[in-house]
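The values are calculated or read from the model by the stated rules, or taken from the named source; none is laboratory data. It should be emphasised that the depicted structure is a prediction, and the values quoted were computed from it without experimental measurement. Neighbour counts run over all protein chains shown; Cβ positions are idealised from the backbone, glycine included. Calculation scope for accessible area: heavy atoms of the full protein, side chains included, ligands and nucleic acids excluded. Shrake-Rupley method; radii C 1.70, N 1.55, O 1.52, S 1.80 Å.
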Amino acid sequence: MNDGVEAGFLALLHAAEVTQAHVEGRLATIGLSLAKLAALRALEDAGKPLPLGQLAERLSCVKSNITQLVDRLEADGLVARVADPGDRRSRLAVMTPQGRKACAEGTRIQDDTERELFGALSTDEARQLASLIAKITSRVAEP
């Protein structure tokens, strides 16, 4: 492999890993993870309770993963499961008031962290980085 390509590839993987760990660490201070925040934000964006299958679709994950994630959110008091009035076989995920508060705080932490990390770049550099990453990720086949 070309040394420049390999160095760029390793730098990209390293940047993704340390950036994710940094954000996860910040979110952990309020008992959240990126996965939990994503689920809360999906419920907030929906503006209504969602069947677990629809939540899984919105998060692009399998139902067994969403079941475990909702189990953790429910144990934390951030989400409740309620019967679906339209389908008694189905359960809906409903964000609790505590979940709405955690979602708002988690979103603030993520936004602050993004500003902190991207503050090292000029506006043009940030746009260029986004463009380069999009160019690379477009080469990855989506399932």
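One residue stands out in the range 111-132 among those that are among the aliphatic types (A, V, I, L, M) and either open to solvent by 70 Å² or more (accessible area, probe 1.4 Å) or without any contact (Cβ under 8 Å) to a residue 60 or more places away in the chain (or both): the one that is nearest to LEU59 (Cα to Cα), namely ALA130. Within the range 19-33, the set of residues being closer than 20 Å to VAL70 by Cα, part of a helix (DSSP H, G or I) and without any contact (Cβ under 8 Å) to a residue 24 or more places away in the chain comprises GLU24, ALA28.
Residue-wise test of (1) touching a Gly at 6+ places or on another chain (Cβ under 9 Å); (2) open to solvent by 60 Å² or more (accessible area, probe 1.4 Å).
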{"position": "LEU40", "(1), (2)": "yes, no"}
{"position": "SER60", "(1), (2)": "no, yes"}
{"position": "GLY77", "(1), (2)": "yes, no"}
{"position": "ASP84", "(1), (2)": "no, no"}
{"position": "THR96", "(1), (2)": "yes, no"}
{"position": "ARG100", "(1), (2)": "no, yes"}
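To keep it simple, each residue is scored yes or no on (1) closer than 30 Å to ILE136 by Cβ; (2) among the small types (Gly, Ala, Ser); (3) without any contact (Cβ under 8 Å) to a residue 12 or more places away in the chain.
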| position | (1), (2), (3) |
| --- | --- |
| GLU17 | yes, no, yes |
| LEU37 | yes, no, no |
| LEU50 | no, no, no |
| GLU57 | yes, no, yes |
| GLY77 | no, yes, no |
| ALA80 | no, yes, no |
| ARG100 | no, no, no |
| ILE109 | yes, no, no |
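Against the list (1) at pLDDT 95 or above; (2) touching a helix residue (DSSP H, G or I) at 6+ places or on another chain (Cβ under 8 Å), the condition LYS101 fails is (2).
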